[in-house]
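Down below is the structure, laid out as structure tokens.
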Amino acid sequence: MTITRTTCPYCGVGCGIKARLTGEREAAITGDPDHPANAGKLCSKGTHLGETIGLEGRLLHPEIDGQRVSWDQAIGHVADRFAATIAEHGPESVAFYVSGQLLTEDYYVANKMMKGFIGTANIDTNSRLCMASAVSAHVRAFGEDVVPCSYSDLDEANLIILVGSNTAWCHPVVWQRIEAARATRGTKLVVIDPRRTETAERADLHIPITPDGDVALFRNLLAHMRDQDLLDHGFLQESVSAPSGFWDGLSPCADGVDEDLRRAFIALFAAHPRTVTLFSQGVNQSTSGTDKANAIINLHLATGRIGKPGAGPFSITGQPNAMGGREVGGLASMLAAHMGFTDTERDRVQRFWKSPTLCTEPGLKAVEMFDAVADGRIKAIWIMATNPAVSMPDAGDVRAALAACPLVVVSDCIADTDTTRLAHVKLPALAWGEKDGTVTNSERTISRQRGFLPVPGDAKPDWWIIAQIAARMGWVDAFDYPNAASIFREYAAQTGFENEGSRILDISDRATITDGAYDQLEPFQWGGASPFSYGRYPTSDGKARLVPVHPAAERKTSDFPLRLNTGRYRDHWHTMTRTGLSPRLSQHRREPLLELHPEDAADASVGDGALARVEAAAGVSVYRVRVTDAQRPGEIFVPMHWTDQQSSGGRTGRLMGKDRDPLSGQPGFKNTPARIAALRPEWTGFLITRDPFRPNDAIAPWLLYHTQVRTRGGWLVELAGTGETSALLNLLPPGERIEAVDAARGSIRAAVLENGHMAAALFLTRDGSLPQRDWLIAQLDQAAARPVELLAGRASDPVPDRGPIVCICFDVGLHTIVETIAREALTSVEAIGAALSAGTNCGSCRPALAALLPGPLESTSPKAIYG
Ligand SMILES: Nc1nc2c(c(=O)[nH]1)N[C@H]1C(S)=C(S)[C@@H](COP(=O)(O)OP(=O)(O)OC[C@H]3O[C@@H](n4cnc5c(=O)[nH]c(N)nc54)[C@H](O)[C@@H]3O)O[C@H]1N2
Ligand SMILES: Nc1nc2c(c(=O)[nH]1)N[C@H]1C(S)=C(S)[C@@H](COP(=O)(O)OP(=O)(O)OC[C@H]3O[C@@H](n4cnc5c(=O)[nH]c(N)nc54)[C@H](O)[C@@H]3O)O[C@H]1N2
Ligand code: SF4
Ligand SMILES: [Mo]
């Protein structure tokens, strides 16, 4: 059996994977023990990749206006339309919107075509929504977008500070590494996050910061270190420059942090010079994101905690190739290979590419780009590997803009997404497991993604599609690439072109790599484990910069008194085009939840499990309520994942405004003024079917809310509505129907049988009582249950309710775990694993298991550290 070594397509940890084909489109997935990022570990998403590689929902042929066409026709059409638009309205009238889920080779070719040949920098990427603020901060502080740390720093640190990062859910294998360091060397962990996430729950100290209070907190901490004479004066003298007035500008500012917590934090920081501060979206996705990142970097520079083992400010990337995109210049504000827009750099890039018309200035950033589509300045846009109709702020506006745009081209692997629905031309791209190339992870390690599945239909690599269209537009020689390796060689050569040590990004020693060696390429890290270990920075005087930073302004208003925070779930990936296909991954959160504090729930008269509307200036969306004291009063949280494909609610992009960081242009997704209102359906219920649910005209008038989720063998659809319930019966497929209608209570219980097997079931109620979904889901296509049991929604000899599934690898439910802990007096996650296997495979549920163990949450009390 051949095993292919490749890289996980999800997060920026960049775990190595071994894939072994076990059927035509089935594979056994395991962690690659030889990959430096994960040493064999995988989280829940990586572990269950095998459930997402079927052909369900794939886009397999090019289409123009909904009609299948040949590649020759599609390429000709896109090339002609782009050429005609440019001829009539100039190069600024076209744009590319690309993604950190492209491979480096795809990204390189797209950037070269737009910036070097079409001649405008109107190419931007979803990374603008993701780490643009970190990029701006790196450039301001270091002179180049270089991440100073490696994962090994986490092994060697004595203090790890996580700022705006739900690491246990979003970078789980990095989290496992942090947990291992804590176990072996007692590393202290501080988590700074307004929510008490599973990550925060495990911390020695959790600081529930006021939204956007980070600049003030880190600036105050720096002032304190200065006042206590705890700065590294030697390092400041040798390696850092401060603008005049920097130190005087550190006047105390309100950070909203409880005094005991602040003192505990300061004490930990002062006591542990080996500090890594790891940050992600709670920092970047803010209208003060660049200042937040520089406030963190300032502190590390001034205390000399950078460029040494176990110390540094560590921005971790989200997408598998966010970093690769930064390298090849996917952002509108950069050129290529870490070059900017000075005359010298432009000239250098132009000569390297033999470009006829190199762009002269930075292009439109994502939000500006879609605004330009809306007002007609951009007349043709090509979207690749991203779903902006869901993920952009003010997504309702983005949809309207695309609907009115004369030419929308979308390259995707999936046929029906909220964005492909707005496309004139759909181009089928190869997906993970089929495509070939390289990605760069959070610690600058470049790894190969390799194909191991057969190429389906007419799908093609993204780089091939771009190069074909560029060639058709007349640039034949510049885009004549026989394979991905040839693009990699060109990119590698560009990083070394007239570099002479001026740019740290230099992989030109691989510019002559053979096709065979590229196929065998082992992971390698550019810039070395610690690029700044010599205390020299890629600035004009070789010194890093301290940057004055300013606390954020208040954002809530009297109309919208709540602050809306958004983010991710453990087992879903972005707009769910992949994870939504996996029954296992879909178990952890079946619906989009509105998490809010009991006081806010009481104010709005909504209870746990009810439905509520969230309203913001940009739009409205509906969620299932979850009341929790993990939220602070006045602050609510919703996920970013749900789309039109799964739900009438949970469309979070519609709520976000366009406010963004002035330097990076990154939107502030984490702090939107909002309010809530109860939604009071007359009936609620659910449907279990084999086929996906499409609300039809007959039932649409009665429906207030629906969400569907993948289950084994079918779909579970949660429903809520008003008026007559009987119309809903036509949701059931034809077949032998058994039903029990209770007119007095207004309930319907119905099931469809096919050869004695349950083919569908519908349960609706007006008084809120509904049976357990899981037992009924398990009956789909089974003949075991009797009709009377199906209508009761449970076995006559009832099986104990396991509760919501916590461990998706071994199917272990919450109730089972809680009972076993009590019965067997378990005191550790390992003991739970020994008793139930839970948490012993991928480990993603270990923080959740830990939270179920008895004992006070000593960890979050400042006394434990300070008192
Ligand atoms: N499971 C899963 N993992 C993923 C992804 C996914 O979709 N699903 N996506 C990947 C991608 S592209 C990315 S970018 C990363 C993102 O990874 P993370 O940044 O860890 O994820 P988020 O949930 O977006 O936000 C992190 C935290 O920031 C907190 N926060 C909000 N406002 C503030 C603030 O003002 N200050 C501070 N200090 N914290 C704040 C939020 O409460 C939230 O818990 O995850 C990657 N990994
Ligand atoms: N409210 C809110 N919004 C957010 C965020 C938030 O925290 N809150 N986070 C933001 C962040 S950090 C990010 S990164 C974005 C992510 O948002 P998106 O990039 O919009 O999300 P994805 O679902 O990953 O979209 C990727 C698309 O590319 C397709 N695809 C996958 N692989 C390939 C390929 O190889 N080639 C091609 N051509 N297509 C492919 C997939 O089918 C899918 O349709 O969302 C942003 N939006
Ligand atoms: S941590 Fe999980 S999602 Fe991220 S790369 Fe590793 S296996 Fe994939
Ligand atoms: Mo991201």
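The values are calculated or read from the model by the stated rules, or taken from the named source; none is laboratory data. Being a predicted model, the structure only gives us computed values, none of them experimental. With ideal geometry, Cβ positions are generated from the backbone for all residues, glycine too; neighbour counts draw on all protein chains shown.
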Search result, residues across segment 8-37 that are of a type in the set (Ser, Thr, Tyr), more than 12 Å from Phe452 (Cβ to Cβ) and either out of contact with any helix residue (DSSP H, G or I) (no Cβ under 6 Å at 6 or more places or on another chain) or away from ligand 2 (no atom under 16 Å from the Cβ) (or both): Thr30
Count of residues meeting criterion [over 20 Å from Asp541 (Cβ atoms) and either away from ligand 3 (no atom under 16 Å from the Cβ) or not in a loop (DSSP other than H, G, I, E, B) (or both)] in segment 129-148: 7
Given (1) at pLDDT 95 or above; (2) buried (at least 20 other Cβ atoms within 10 Å of the Cβ), where does Glu615 come up short, assuming only one miss? (2)
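Go through segment 167-186 and give me each residue that's in a loop (DSSP other than H, G, I, E, B) and either crowded, with 24+ Cβ neighbours inside 10 Å or modelled with pLDDT under 95 (or both). Spell out how you get there, then give the answer.
Just the residues of segment 167-186 that are in a loop (DSSP other than H, G, I, E, B), to begin with: 171, 186.
Of everything in segment 167-186, just one residue is in a loop (DSSP other than H, G, I, E, B) and either crowded, with 24+ Cβ neighbours inside 10 Å or modelled with pLDDT under 95 (or both), namely His171.
Do we find that Pro598 is away from ligand 2 (no atom under 16 Å from the Cβ), in contact with a Lys or Arg (Cβ under 7 Å, 6 or more places away or on another chain) and in the same structural domain as Gly634 (by TED's automatic domain parsing) in this structure?
No.
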Quick one: Val367 ticks every box in (1) out of contact with any Lys or Arg (no Cβ under 6 Å at 6 or more places or on another chain); (2) under 30 Å from Val638 (Cα atoms); (3) of a type in the set (Val, Ile, Thr) bar one, so which box is it? (1)
Please list, ordered by residue number, the helices (runs of 4 or more DSSP H) wholly in segment 198-306 having 2 or more residues that are among the small types (Gly, Ala, Ser) and closer than 25 Å to Lys670 by Cα. 289-302
Among residues belonging to segment 684-716 that are of a type in the set (A, V, I, L, M, F, W, C), in contact with a strand residue (DSSP E or B) (Cβ under 6 Å, 6 or more places away or on another chain) and not in a strand (DSSP E or B), point out the one that is modelled with the highest pLDDT. Phe693
Odd one out for Asp603, checked against (1) away from ligand 1 (no atom under 13 Å from the Cβ); (2) in contact (Cβ under 8 Å) with a residue 12 or more places away in the chain: (2)
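Taking segment 734-776 as the region of interest, how many residues are among the aliphatic types (A, V, I, L, M) and surrounded by fewer than 20 Cβ atoms within 10 Å (Cβ to Cβ)?
Initial filter on segment 734-776 (among the aliphatic types (A, V, I, L, M)): 738, 740-741, 743-744, 748, 750-753, 758-762, 764, 770, 776.
Now narrow it down to the ones that are surrounded by fewer than 20 Cβ atoms within 10 Å (Cβ to Cβ): 738, 740-741, 743-744, 753, 770.
Total satisfying the criteria: 7.
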Whichever residue in segment 27-57 is at pLDDT below 95 and among the acidic types (Asp, Glu) and, among such residues, is nearest to the chain's Cα centre (by Cα): Glu51
Total residues in segment 764-794, condition closer than 21 Å to Ala744 by Cβ and of a type in the set (Val, Ile, Thr): 2
Within the bounds of segment 90-110, is there any residue that is within 16 Å of ligand 4 (Cβ to nearest atom), closer than 25 Å to Ser502 by Cβ and in contact (Cβ under 8 Å) with a residue 60 or more places away in the chain? yes
Outside any loop (DSSP other than H, G, I, E, B), surrounded by fewer than 17 Cβ atoms within 10 Å (Cβ to Cβ) and polar (S, T, N, Q): does that describe Ser486? yes
Mind telling me which of the residues Val78, Val69 ends up being hydrophobic (A, V, I, L, M, F, W, C), in the same structural domain as Leu103 (by TED's automatic domain parsing) and without any contact (Cβ under 8 Å) to a residue 24 or more places away in the chain? Val69
Looking at Ser288, Ser280, can you tell me which residue is over 20 Å from Ser442 (Cβ atoms), in contact (Cβ under 8 Å) with a residue 40 or more places away in the chain, buried (at least 18 other Cβ atoms within 10 Å of the Cβ) and outside the structural domain of Lys670 (by TED's automatic domain parsing)? Ser288
Examine segment 389-399 for a residue that is in contact with a Ser or Thr (Cβ under 6 Å, 6 or more places away or on another chain) and part of a strand (DSSP E or B), and state whether such a residue exists. no
Starting from residues that are more than 21 Å from Arg351 (Cα to Cα) and not polar (S, T, N, Q), keep the ones in segment 93-105 and report whichever is farthest from ligand 3 (Cβ to nearest atom). Val94
Considering only residues that are within 13 Å of ligand 1 (Cβ to nearest atom), of a type in the set (A, V, I, L, M, F, W, C) and farther than 24 Å from Val806 by Cα, which ones fall in segment 154-211? Ile161, Leu162, Val163, Val190, Ile192, Ile207, Ile209
Can Thr386 be described as under 18 Å from Tyr108 (Cβ atoms), of a type in the set (S, T, N, Q), within 9 Å of ligand 2 (Cβ to nearest atom) and buried (at least 24 other Cβ atoms within 10 Å of the Cβ)? yes
Can you tell me which residue among Ile86, Ile64, Ile118 is modelled with pLDDT of 95 or more, buried (at least 23 other Cβ atoms within 10 Å of the Cβ) and either away from ligand 3 (no atom under 16 Å from the Cβ) or farther than 23 Å from Ala374 by Cα (or both)? Ile118
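Between Ala39, Ala19, which is surrounded by fewer than 20 Cβ atoms within 10 Å (Cβ to Cβ) and either assigned to a strand (DSSP E or B) or free of Cβ contacts under 8 Å to residues at least 12 places away in the same chain (or both)? Steps first, answer last, please.
Working: Ala19 fails: surrounded by fewer than 20 Cβ atoms within 10 Å (Cβ to Cβ).
Exactly one of Ala39, Ala19 is surrounded by fewer than 20 Cβ atoms within 10 Å (Cβ to Cβ) and either assigned to a strand (DSSP E or B) or free of Cβ contacts under 8 Å to residues at least 12 places away in the same chain (or both), namely Ala39.
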Within segment 663-705, which residues are under 25 Å from the mean Cα position of the chain (by Cα), buried (at least 22 other Cβ atoms within 10 Å of the Cβ) and on the phi < 0 side of the Ramachandran plot? Ser664, Gln666, Pro667, Gly668, Phe669, Lys670, Asn671, Thr672, Ala674
Looking at (1) more than 14 Å from ligand 2 (Cβ to nearest atom); (2) assigned to a loop (DSSP other than H, G, I, E, B); (3) within 23 Å of Ser664 (Cα to Cα), which is the only condition Pro454 fails? (3)
Every residue in segment 340-381 that is assigned to a loop (DSSP other than H, G, I, E, B) and within 30 Å of Arg399 (Cβ to Cβ), please. Cys359, Glu361, Pro362, Gly363, Leu364, Lys365, Asp375, Gly376, Arg377, Ile378, Lys379
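One line per residue, one yes/no per condition, for (1) not hydrophobic (A, V, I, L, M, F, W, C); (2) not in a loop (DSSP other than H, G, I, E, B):
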{"position": "Arg626", "(1), (2)": "yes, yes"}
{"position": "Asp629", "(1), (2)": "yes, no"}
{"position": "Arg632", "(1), (2)": "yes, no"}
{"position": "Val638", "(1), (2)": "no, yes"}
{"position": "Gln645", "(1), (2)": "yes, no"}
{"position": "Gly657", "(1), (2)": "yes, no"}
{"position": "Lys670", "(1), (2)": "yes, no"}
{"position": "Ala674", "(1), (2)": "no, yes"}
Restricting attention to segment 502-549, the residues that are of a type in the set (A, V, I, L, M), more than 24 Å from Phe218 (Cβ to Cβ) and not in a loop (DSSP other than H, G, I, E, B) number exactly 1
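Among the candidates Pro548, Pro538, Pro531, single out the residue that is away from ligand 1 (no atom under 16 Å from the Cβ) and in contact with an Asp or Glu (Cβ under 6 Å, 6 or more places away or on another chain).
Residue meeting the stated conditions: Pro538.
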